[in-house]
Amino acid sequence: MKRIKVAIAGIGNCASSLIQGIHYYRNRDPQEAAGLMHPVIGGYGVSDIDIVAAWDIDARKVGQDVATAIFAPPNCTQVFCKDIPPTGVKVRMGRILDGYSDHMAQHPQEHTFVLADQPEPDKDTVVSLLKESGAEVFMNYLPVGSEEASRFYAECALEAGVAFVNNIPVFIASDPQWAKRFAEKKVPIIGDDIKAQLGATITHRTLTDLFRKRGVKLERTYQLNTGGNTDFLNMKNQDRLASKKESKTEAVQSVAAKRLDEANIHVGPSDYIPWQKDNKVCFLRMEGKLFGDVPMNLEMRLSVEDSPNSAGVAIDSIRLARLALDRGIGGVLEGPSAYLCKHPMKQYPDDEAYRMTEAFIQDNRVDLDEVRHTGRWTRPAAEAV
Ligand SMILES: NC(=O)c1ccc[n+]([C@@H]2O[C@H](COP(=O)([O-])OP(=O)(O)OC[C@H]3O[C@@H](n4cnc5c(N)ncnc54)[C@H](O)[C@@H]3O)[C@@H](O)[C@H]2O)c1
């Protein structure tokens, strides 16, 4: 049985849901189980994943076994699998850099990050641990706005030859310079900014695409989101929000028949409501013109538990990254990045990105010579059926 060794930076709510999910599906028939986009990818099941290294900066998580740390405050996501056996892997002190925003100190400890008082590792230490642990895929789950810290861990993964999945809106996989470096080292990368299984972004994109296909002129839209987890608390600092807003807005703009003027589109995290915890509520409005220029509007409210919604996608990213490693493919995984992330290097409509990802999984028409030559899997969408 093949297994996948995963390293994680940021043992917050998303990591908690991912690790719970690995155990939740262990004794279930994956073909019958609900909530999976792919029960098996390239021979890997959902539970064929081991966490072999982890970093965080919170005093309540550093030094704990990963199985304990995922339930430590301020994590607040719904617990759907409470019995996680000890992993034998302790959470290490991470490199703080800009992972911690000063405004977090103004909130009660149960809701915010509490910095651990431990020496921070340098790059060599992280790279050595990645190599010793045998990690194959690195999951970046740092808070929004962790520009330097994300680049620090990406640098470590690249040096250790570990595939990188960038779940956050810091532009690495969509940055041509970084993409080139991953391609040159033949290290796979998926990113940026994970697109939840059935969240605000995929819903807003699908409806925008529907307007386009049905000839309805989209004139104005907003997507307001509220939540009560540390992701939302961290984003109360407007300075950290720029990349998140860009990632979420561009995800919608890129599928519109005609780009909307900036003044006519508002997409982003809108408020932090502590009692909502990990429940995210999205309020969406779209205004348009039908046949004869007759006005219409649509209002929708979506309520989802934020972190399991991302884990349902992360579980595929990990297996797709490992599949690329198995096939000797490096650089940006274009189809999977477009399908699974909000801000890929190149945007495709979701059904096209889905077909590209399915073709990648099936490996039926991938030109391996081209892949070896360029280090990237670049099959045009038209061929990817
Ligand atoms: N939930 C979703 O659907 C979704 C979708 C897209 C993107 N994301 C992004 O994924 C990321 C993780 O989300 P989350 O809900 O788990 O956040 P979270 O706040 O629960 O977890 C972040 C964790 O990172 C730790 N951390 C902070 N700085 C660090 C550093 N320098 N090194 C190591 N650890 C550090 C924190 O202590 C915390 O445990 C966020 O950036 C979020 O925006 C989530």
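Is there a quick way to get the dipole size of the chain? I mean about its Cα centre, with the Cβ of Lys and Arg at +1 and of Asp and Glu at -1; what is the value in debye to the nearest 20?
Details: 47 positive and 52 negative charges, 128 e Å.
So the dipole magnitude of the chain works out to roughly 620 debye.
With a sphere of radius 15 Å drawn around the Cβ of H343, what net charge do the other residues whose Cβ falls strictly inside it have (Lys, Arg +1; Asp, Glu -1)? Mind showing how you got there, number by number?
Values: positive: K195, R205, K244, K245, K248, K342, K346; negative: E147, D175, D192, D193, E246, E250, E334, D350.
Counting the neighbours of H343, the net charge comes to -1.
When the Karplus curve 6.51 cos²θ - 1.76 cosθ + 1.60 is applied with θ = phi - 60°, which whole-Hz ³J(HN,Hα) does each residue of region 166-176 get, with x for Gly and Pro?
Here the 3J(HN,Hα) series is 9, 7, 10, x, 10, 7, 10, 5, 9, 9, x Hz.
Along the positive direction of the dipole of region 157-217 (beta-carbon charges: Lys, Arg +1; Asp, Glu -1; about the Cα centre), which of V162, P176, L210 reaches farthest?
Positive-most Cα among the choices belongs to L210.
Pairs K123/K185; K195/K277; K90/K248; K5/K185; K5/K131; K180/K245: which are spaced more than 23 Å apart, C-alpha to C-alpha? Please list the in-between numbers first.
Values: K123/K185 18 Å; K195/K277 20 Å; K90/K248 34 Å; K5/K185 20 Å; K5/K131 11 Å; K180/K245 25 Å.
The pairs that break the limit, which is 23 Å between Cα atoms, are K90/K248; K180/K245.
Within 12 Å, Cβ to Cβ, of A157, how many net charges do the neighbouring residues add up to if Lys/Arg are +1 and Asp/Glu are -1? Display every interim value, and only then the final one.
Working: positive: K123, K131, R151, R181, K185; negative: E136, E155, E159.
Summing Lys and Arg as +1 and Asp and Glu as -1 gives +2.
If a/c stays under 1.5 just call it rounded; otherwise compare a/b with b/c (prolate if a/b is bigger, oblate if not). Do that for the chain, with a ≥ b ≥ c from the square roots of the Cα gyration tensor eigenvalues.
Numbers: a/c = 1.60, a/b = 1.17, b/c = 1.36.
Note, shape of the chain comes out oblate.
Can you compute the charge dipole magnitude of region 110-151 about its Cα centre, using +1 on each Lys and Arg Cβ and -1 on each Asp and Glu Cβ, nothing else charged? Give it in debye, rounded to the nearest 20. Don't jump to the answer; show the numbers that get you there.
Details: 3 positive and 9 negative charges, 34 e Å.
About 160 debye.
Going by a ≥ b ≥ c, the root eigenvalues of the Cα gyration tensor, does region 171-235 fall in the rounded group (a/c under 1.5), the prolate group (a/b larger than b/c) or the oblate group?
Oblate is the answer for region 171-235, as a/c is 1.5 or above yet b/c matches or exceeds a/b.
As a check on your grasp of the helix formula, calculate [θ] at 222 nm for the chain: sum -39500 (n - 2.57) over DSSP H runs of n ≥ 4, divide by the residue count, round to the nearest 500.
Numbers: 12 runs with 129 residues, N = 385.
Mean residue ellipticity, 222 nm, calculated: -10000 deg cm²/dmol.
Explain nothing, just compute: Karplus ³J(HN,Hα) = 6.51 cos²θ - 1.76 cosθ + 1.60, θ = phi - 60°, for every residue of region 33-41 in order, whole Hz, x for Gly and Pro.
These are the phi-based 3J(HN,Hα) values: 6, 7, x, 10, 7, 9, x, 9, 10 Hz.
I need the phi-derived Karplus couplings for region 79-93: 6.51 cos²θ - 1.76 cosθ + 1.60, θ = phi - 60°, integer Hz, Gly and Pro marked x.
8, 10, 8, 8, 8, 10, x, x, 8, x, 10, 8, 5, 8, 5
Quick one: which residues, 5+ away or cross-chain, put their amide H under 5 Å from the amide H of G45? H built at 1.01 Å from N.
Sorted by chain and number, the residues that satisfy this come to none at all.
Amide H neighbours of A54 under 5 Å, at least 5 residues apart or on other chains, H built in the peptide plane: list them.
Those lying under 5 Å, H to H, from A54 are I8, R92.
Taking H as built 1.01 Å from N, whose amide H comes closer than 5 Å to the amide H of K217, not counting residues under 5 places away?
Under 5 Å from the amide H of K217 lie the amide H atoms of K289, each far enough along the sequence or on another chain.
Need one number: % antiparallel among DSSP beta bridges in region 221-300, to the nearest 5.
Working: 13 of 20 bridges.
Within region 221-300, antiparallel bridges account for around 65 percent of the total.
Would you mind classifying region 200-305 by shape? Square roots of the alpha carbon gyration tensor eigenvalues, ordered a ≥ b ≥ c; an a/c under 1.5 is rounded, otherwise it is prolate if a/b is larger than b/c and oblate if not.
Numbers: a/c = 2.61, a/b = 1.88, b/c = 1.39.
Taking the square roots of the gyration eigenvalues as a ≥ b ≥ c, region 200-305 is prolate.
Contact order normalised by length for region 1-151, with contacts defined as Cα pairs under 8 Å and 6 or more residues apart; what percent is it? Can you show the working numbers first?
Numbers: 250 pairs, mean separation 50.8, N = 151.
It rounds to 34 percent for region 1-151.
Determine the relative contact order of region 194-349: mean sequence separation of Cα pairs under 8 Å and six or more apart, normalised by residue count, in whole percent.
Working: 246 pairs, mean separation 49.8, N = 156.
Worked out over region 194-349, it gives 32 percent.
Within region 200-229, which trypsin sites (Lys or Arg not before Pro) sit in a loop by DSSP and count at most 16 neighbouring Cβ atoms inside 10 Å?
R214
Laboratory data are not the source of any read-out in this text; all were calculated from the coordinates shown. Treat the numbers as computed from the prediction; the structure is a model and nothing was measured. Cβ atoms come from the backbone with ideal geometry, glycine included; neighbour counts cover every protein chain shown.
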